[in-house]
1. Would you check which residues across region 98-125 are within 8 Å of the ligand (Cβ to nearest atom), outside any loop (DSSP other than H, G, I, E, B) and within 19 Å of A46 (Cβ to Cβ) and list them?
2. All but one of (1) under 25 Å from A33 (Cα atoms); (2) assigned to a helix (DSSP H, G or I); (3) touching a strand residue (DSSP E or B) at 6+ places or on another chain (Cβ under 8 Å) hold for L146; state the number of the condition that does not hold.
3. Between a residue in region 19-41 that is β-branched (V, I, T) and any residue that is part of a helix (DSSP H, G or I), which pairs come within a Cβ distance under 7 Å, given they are 6 or more apart or on different chains?
4. Which members of region 52-66 meet the condition of being touching a residue at least 40 places away in the same chain (Cβ under 8 Å), crowded, with 23+ Cβ neighbours inside 10 Å and either away from the ligand (no atom under 13 Å from the Cβ) or hydrophobic (A, V, I, L, M, F, W, C) (or both)?
5. For the condition among the hydrophobic types (A, V, I, L, M, F, W, C) and loosely packed, with under 11 Cβ neighbours inside 10 Å, what is the one hit in L77, L4, L9?
6. Show the residue pairs meeting these rules: Cβ distance below 8 Å; 6+ apart or different chains; first residue within region 102-122 and touching a residue at least 40 places away in the same chain (Cβ under 8 Å) and surrounded by 13 or more Cβ atoms within 10 Å (Cβ to Cβ); second residue in a strand (DSSP E or B) and of a type in the set (S, T, N, Q).
7. Take region 76-97 and flag every residue that is within 18 Å of L47 (Cβ to Cβ) and either at pLDDT below 95 or not in a helix (DSSP H, G or I) (or both).
Amino acid sequence: MSDLSLTILQETRDDAPAIERLHERTFGPGRFAKTAYRIREGVGHALELSFTARIGTLLVGSVQLTPIRIGSSRALLLGPLTVEPPFRERGIGQLLIERALAQAKAKGHRLVVLVGDEPYYAKANFKRIPRGRVTMPGPVDPARLLACELADGSFDGVSGPIRPDWDTA
Ligand SMILES: CC(C)(COP(=O)(O)OP(=O)(O)OC[C@H]1O[C@@H](n2cnc3c(N)ncnc32)[C@H](O)[C@@H]1OP(=O)(O)O)[C@@H](O)C(=O)NCCC(=O)NCCS
């Protein structure tokens, strides 16, 4: 009998085609024009901080983290987060976020930012960034720019433009 339990696994290079298909189905070609996409494209996400969700062997969800700088401060950009439609509303998205944040913290990272819906990401402790404090290299709705401190006070004094962190590429 096949094992249909949910597993959250660290992403591997072999996952790339399935994740790309998931992103294509979810976001379509418009994803390439997004400001967050352009940052990720600049440096590439960190496999050791990115995770997939599987039911049995089927990849049903993905979350990726990318090293960035905010001004001179190191941080991570979370996204895309995607769960296949038939598997949504079962907690998989939040599990992926929790796992990625836990791994980032374990690896010594202190701050994660993203562009997304505050009501959803607030459950994972993301808070709206005060308008103008952090800027993206393209248009972004400021109400969707969110940050999560992985250590108390790690967002204190952090401000400036977001760019890929070339030093970790
Ligand atoms: C957003 C997404 C990843 C959520 O995945 P999921 O596995 O269904 O999420 P969870 O099961 O952990 O959480 C579901 C809960 O979040 C809520 N929720 C889902 N999307 C939401 C949103 N955009 N804003 C507010 N709440 C949202 C659901 O209503 C549900 O609420 P409930 O727990 O009160 O019933 C999934 O809907 C998805 O892939 N969407 C398309 C891609 C996307 O928008 N990604 C995020 C931006 S990068």
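1. Result: L114, V115.
2. Result: L146 passes all but (2).
3. none
4. A53, L65
5. L4
6. Pairs that qualify, where the first residue is touching a residue at least 40 places away in the same chain (Cβ under 8 Å) and surrounded by 13 or more Cβ atoms within 10 Å (Cβ to Cβ) and the partner is in a strand (DSSP E or B) and of a type in the set (S, T, N, Q), are Q103/Q10; L111/S73.
7. L76, L77, L78, G79, P80, L81, T82
The values are calculated or read from the model by the stated rules, or taken from the named source; none is laboratory data. Given the structure is predicted, the values throughout are model-derived calculations rather than measurements. Neighbour counts run over all protein chains shown; Cβ positions are idealised from the backbone, glycine included.
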